[in-house]
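Peer 1: Below you will find the structure I want to go over with you.
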Amino acid sequence: MNRLSAWTPEQRLTLYFMMMYGSIGLTGPFFSPWLHHLGVSAQMTGLIVALPSAAMVVAAVYLGSISDRLSDWRVAIIAFDWVILVLFCWIVFRHDVIDIIVVWTLTGLLIAVKIPILDGATLSLTRKRGSQYSRIRALGSVGFVIALLTGGFVFNVAGLDWFVPALVVGALVRAICSSMLPRFREPSSDTTMQISEKLAAPADNLGAPAGNLAMSTNSLTAPSLQGGLKHKGFIMVIAGSALISGSHAFFSAFAMLHWIESGISTLVSSLLWCFAVVMEIALMWCFTDVAKRLSSRHCMLAAGAMGIVRWSLSTTDQPVPVLFLLQGLHALTFGLLFIATVTFIARRVDDSMAARAQSLFATFSTAALAIAVLISGTLYKYAGVQGYWLMTGMCVFGIVLIMASYTTRLDDDFPM
């Protein structure tokens, strides 16, 4: 405990991010193969995978608002993780289809709700301490890659009968690490109130101090603390980003399957997937340098433009070297988009609404993803990779919405 007390809040957060995303990487990509191993049909597998997203659309903002009312966000995160562990233990003893549906829906909902709460809490803490959220998040992706490769090796050697033990072990480690999280806020602190006022200042540049930007935008209309979540321009930006984020649906659902069906080995297909995450990590690690040149909305527009390039080129079969290049664009289409969006939100709300605001974006993006996944199944069956044209269209509409936000007098971009 003495050693733990010597850890900085950033070090504790980094440990938790790595364990959280590591536990997801260890089992998440292998969930569908495990269901196939149990003899579950493809149609039922699709339903089971979609249910957590549907549940999140209904409950995420509500649960996020409850978390905002707690004395500290870590209370919600710890509670969610221990409940998830208990639910996973259920599958150790019973894994009929109905048991899997109930457990996967509830745990998927809690994980999906917890992530934006954690993002909002971490952004709040790093802003107060002058540290970098993007690097903590990048190391979370490192944990995902390491666990993904470890899981692939274990299941290849020992078989998918070890999926449930891996699920429980990952959840246990994550729950233990959640108890080590730092406090994110002190409700009665005058300092916190002062910082909240600074966070509320309009600031579209990701790397600039909020106070300086507030001085530069006095003549502009920006969302207030209480009205920010309903500001027309704010909603346009969040919806546009959600469409670009949702454009990954066809890729997430069918890219691996298509590569293997095209004759690419499972090993190379796994390396293609990992390469995308590695590029995402590199972008997040260097994000501060990017933020000095581009505002948050500029970053989102760049991500959307690269999405158009990535998905339009994916509508035809490409040689493996080109696929690696296209996978490299994941750093922009997902990594840059995600960091820009959560930072855009954090600059416009105070601590009292942080989890709710991040949950709003998570709800929008999950809804876009869920709808796109449902459509993608039919598209892949009848049109193959031509289904990527729908993803291209989502990026186009996302860009249009973000650009339209400039007409609402939501504060302009001020690169640092």
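Peer 1: Select from region 93-112 the residues that are within 15 Å of Val168 (Cβ to Cβ) and either of a type outside the set (A, V, I, L, M) or touching a strand residue (DSSP E or B) at 6+ places or on another chain (Cβ under 7 Å) (or both) and list them in ascending order.
Peer 2: Within region 93-112, Phe93, Arg94, His95, Asp99, Trp104, Thr107 meet the criteria.
Peer 1: Would you check if there is a residue in region 259-274 being at pLDDT 85 or above and either in contact with a His (Cβ under 9 Å, 6 or more places away or on another chain) or within 24 Å of Arg348 (Cβ to Cβ) (or both)?
Peer 2: No; the residues of region 259-274 include none that is at pLDDT 85 or above and either in contact with a His (Cβ under 9 Å, 6 or more places away or on another chain) or within 24 Å of Arg348 (Cβ to Cβ) (or both).
Peer 1: If I filter region 117-158 down to residues being in contact (Cβ under 8 Å) with a residue 24 or more places away in the chain, within 18 Å of Ser270 (Cα to Cα) and β-branched (Val, Ile, Thr), which single residue comes out as surrounded by the fewest Cβ atoms within 10 Å (Cβ to Cβ)?
Peer 2: Only one residue tops the list, namely Thr150.
Peer 1: I need every pair where a residue in region 301-316 that is in contact (Cβ under 8 Å) with a residue 40 or more places away in the chain and not assigned by TED's automatic domain parsing to the domain that holds Thr341 has its Cβ under 8 Å from the Cβ of a residue that is of a type in the set (Phe, Trp, Tyr) and in a helix (DSSP H, G or I), sequence separation at least 6 or different chains.
Peer 2: The qualifying pairs do not exist here.
Peer 1: Can you tell me which residues in region 62-101 are surrounded by 14 or more Cβ atoms within 10 Å (Cβ to Cβ) and among the basic types (Lys, Arg)?
Peer 2: Arg74
Peer 1: Still on this model: List the pairs whose first member sits in region 264-283 and is assigned by TED's automatic domain parsing to the domain that holds Leu332 and crowded, with 18+ Cβ neighbours inside 10 Å, whose second member is modelled with pLDDT of 85 or more and not in a helix (DSSP H, G or I), and whose Cβ atoms are under 9 Å apart, counting only residues at least 6 apart or on separate chains?
Peer 2: Listed pairs, sorted by first residue: Ala276/Leu329; Met279/Leu329.
Let's see how each residue does on (1) at pLDDT below 90; (2) in the same structural domain as Gly335 (by TED's automatic domain parsing); (3) under 17 Å from Gln11 (Cα atoms):
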{"site": "Ser71", "(1), (2), (3)": "yes, no, no"}
{"site": "Ile84", "(1), (2), (3)": "no, no, no"}
{"site": "Cys89", "(1), (2), (3)": "no, no, no"}
{"site": "His95", "(1), (2), (3)": "yes, no, no"}
{"site": "Leu109", "(1), (2), (3)": "yes, no, no"}
{"site": "Gln132", "(1), (2), (3)": "yes, no, yes"}
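Peer 1: Further question: Which numbered condition in (1) over 14 Å from the mean Cα position of the chain (by Cα); (2) under 20 Å from Ala249 (Cα atoms) is the only one that Thr341 fails?
Peer 2: So the condition that Thr341 fails would be (1).
Peer 1: Looking at Val142, Val103, which is the one that is closer than 22 Å to Pro9 by Cα, in a helix (DSSP H, G or I) and modelled with pLDDT of 85 or more?
Peer 2: Val142
Peer 1: Go through region 304-398 and tell me which helices (runs of 4 or more DSSP H), entirely inside it, have 3 or more residues that are crowded, with 20+ Cβ neighbours inside 10 Å, out of contact with any strand residue (DSSP E or B) (no Cβ under 7 Å at 6 or more places or on another chain) and polar (S, T, N, Q).
Peer 2: In region 304-398, the matching helices (runs of 4 or more DSSP H) lie at 354-383.
The values are calculated or read from the model by the stated rules, or taken from the named source; none is laboratory data. Note that the coordinates shown come from a computational prediction; the quantities given were computed from them, not determined experimentally. Positions of Cβ are backbone-derived with ideal geometry, glycine not excepted, and every protein chain shown enters the neighbour counts.
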